[in-house]
Amino acid sequence: MSDKGYIEQEEIFSQVLRAGRRTYFFDVRETKAGDYYLTITESKKFTHEDGSFHYKKHKIYLYKEDFDTFREMLDKSTDFIINEKGQEVISERHQKDFHKPNEIHANGEEVEKSSPESFTDINFEDI
């Protein structure tokens, strides 16, 4: 379901968590009935080759009747990850100062490495 059907209310309380290219917004809003609910929004910045950029947003609406179960499942999931993999971040891609490595061709020229997101050249003879 798209969040476009919701009419956004002003935030009663708001917190922001900046995490590299992602920003998380925790906003308390008010229902038409006067009760409060929480929206959690992930906003991720994408930069185009020309230097322009855009943001993709994903939003979760969380109501009071789900708080205890949500918190319990979040705690179990994060505890599982920490118990299995520890606190250390394994993927350098998630480090704040991460820069995608470039390829060095045989002629010494440095070329940006392609990624699946930017891949568009398909040779159907290879299929």
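FYI, it's all coordinate maths here, none of it is from the lab. Note that this is a predicted model, so its numbers are computed, not measured. A quick note on method: Cβ atoms are made from the backbone with ideal geometry, for glycine too, and the neighbour counts reach across all protein chains shown.
The H on the amide N of residue 11, modeled in the peptide plane, is under 5 Å from the matching H of no residue at least 5 residues off or on a different chain. If R0 equals 30 Å, the separation of the Cβ atoms of residue 43 and residue 73 corresponds to a calculated FRET efficiency of about 0.80. Taking amide hydrogens as placed 1.01 Å from N in the peptide plane, the amide H of residue 36 sits under 5 Å from those of 31, each at least 5 positions away in sequence or on another chain. Annotation: average projected area of segment 42-87 is 5.2 square nanometres, based on the convex hull of Cα atoms across all directions.
Taken one residue at a time, the phi angles of segment 20-27 give Karplus couplings (6.51, -1.76, 1.60, θ = phi - 60°) of x, 6, 9, 10, 10, 10, 10, 10 Hz. Gly and Pro are set to x.
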